[in-house]
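The values are calculated or read from the model by the stated rules, or taken from the named source; none is laboratory data. On a predicted model such as this, the values are computed, not experimentally measured, just so you know. As a convention, Cβ positions derive from the backbone with ideal geometry for all residues, glycine included, and neighbour counts pool all protein chains shown.
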Amino acid sequence: MITTMVYEGDDLGQTELEPIRSFLLDCKNHIENGRFEFVERRKCLRTLTELEMSIDDVERVVSSLQPSNYIKGPESDHDAEKGGDIYIFGADTGGIELYIKLKCDEQRGCVCISFHRAEWPLIYPYREG
């Protein structure tokens, strides 16, 4: 069973949260419309195996993200051909902190570029407590 902790405190009312909320809403809309792409990097696949997760589980975790899960972004995609903005989030799944890098684009939908154990402590600028 996969459980994802959702951190409350998203009622901060700060205008800087609007781009994050908008990005997450775009991600969720793409996922609901079957437009989710998981980039199969070795580190990400290893994490899925270790945590006994499927791509459907990844979709559920991504869909549950809130602005309080935000780490940083937007940042430009390093792949100049693909362009677009990337956001980074963190989530706790079964006591494991995950590093999640996402991108939304009109051609591919919600793209999960990274989904693996955090390799360093993540700082959540909009998390209370």
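Going residue by residue through region 68-84, is there one that turns out to be touching a Cys at 6+ places or on another chain (Cβ under 9 Å) and closer than 13 Å to I20 by Cα?
no
What do you reckon, is E75 surrounded by fewer than 19 Cβ atoms within 10 Å (Cβ to Cβ) and in a loop (DSSP other than H, G, I, E, B)? Walk me through how you get there before you give the answer.
Details: surrounded by fewer than 19 Cβ atoms within 10 Å (Cβ to Cβ): yes; in a loop (DSSP other than H, G, I, E, B): no.
So E75 fails the test.
Restricting attention to region 76-101, which residues are touching a helix residue (DSSP H, G or I) at 6+ places or on another chain (Cβ under 6 Å) and of a type in the set (A, V, I, L, M, F, W, C)?
Correct list: F89, A91.
Quick one: would you say I100 is in contact with a Lys or Arg (Cβ under 9 Å, 6 or more places away or on another chain) and either part of a strand (DSSP E or B) or more than 21 Å from L17 (Cα to Cα) (or both)?
The answer is no for I100.
Would a scan of region 101-110 turn up a residue that is more than 16 Å from L25 (Cβ to Cβ) and at pLDDT 90 or above? Full working, then the answer.
Looking only at region 101-110, we keep the residues that are more than 16 Å from L25 (Cβ to Cβ), and these are 101, 107-108.
Checking which are at pLDDT 90 or above leaves us with 101, 108.
Checked region 101-110: at least one residue is more than 16 Å from L25 (Cβ to Cβ) and at pLDDT 90 or above.
Just to be sure before I move on: is L48 buried (at least 17 other Cβ atoms within 10 Å of the Cβ), among the aliphatic types (A, V, I, L, M), more than 16 Å from L122 (Cα to Cα) and over 12 Å from the mean Cα position of the chain (by Cα) in the structure I sent?
So L48 passes the test.
Could you list, in sequence order, all residues of region 31-65 that are assigned to a helix (DSSP H, G or I), closer than 21 Å to R108 by Cα and touching an Asp or Glu at 6+ places or on another chain (Cβ under 9 Å)?
I31, S63
Touching a strand residue (DSSP E or B) at 6+ places or on another chain (Cβ under 6 Å) and modelled with pLDDT under 95: does that describe D85?
Yes: the conditions hold for D85.
Taking W120 and the conditions (1) surrounded by 17 or more Cβ atoms within 10 Å (Cβ to Cβ); (2) assigned to a loop (DSSP other than H, G, I, E, B), which numbered condition does it fall short on, given that it satisfies the others?
That leaves (1) as the condition not met.
Test S68 against the criterion of being out of contact with any His (no Cβ under 9 Å at 6 or more places or on another chain), of a type in the set (S, T, N, Q), in contact (Cβ under 8 Å) with a residue 40 or more places away in the chain and not in a strand (DSSP E or B), and give yes or no.
yes
Could you check, for region 86-94, whether at least one of its residues is touching a Pro at 6+ places or on another chain (Cβ under 7 Å) and part of a strand (DSSP E or B)?
Taking every residue of region 86-94 in turn, at least one turns out to be touching a Pro at 6+ places or on another chain (Cβ under 7 Å) and part of a strand (DSSP E or B).
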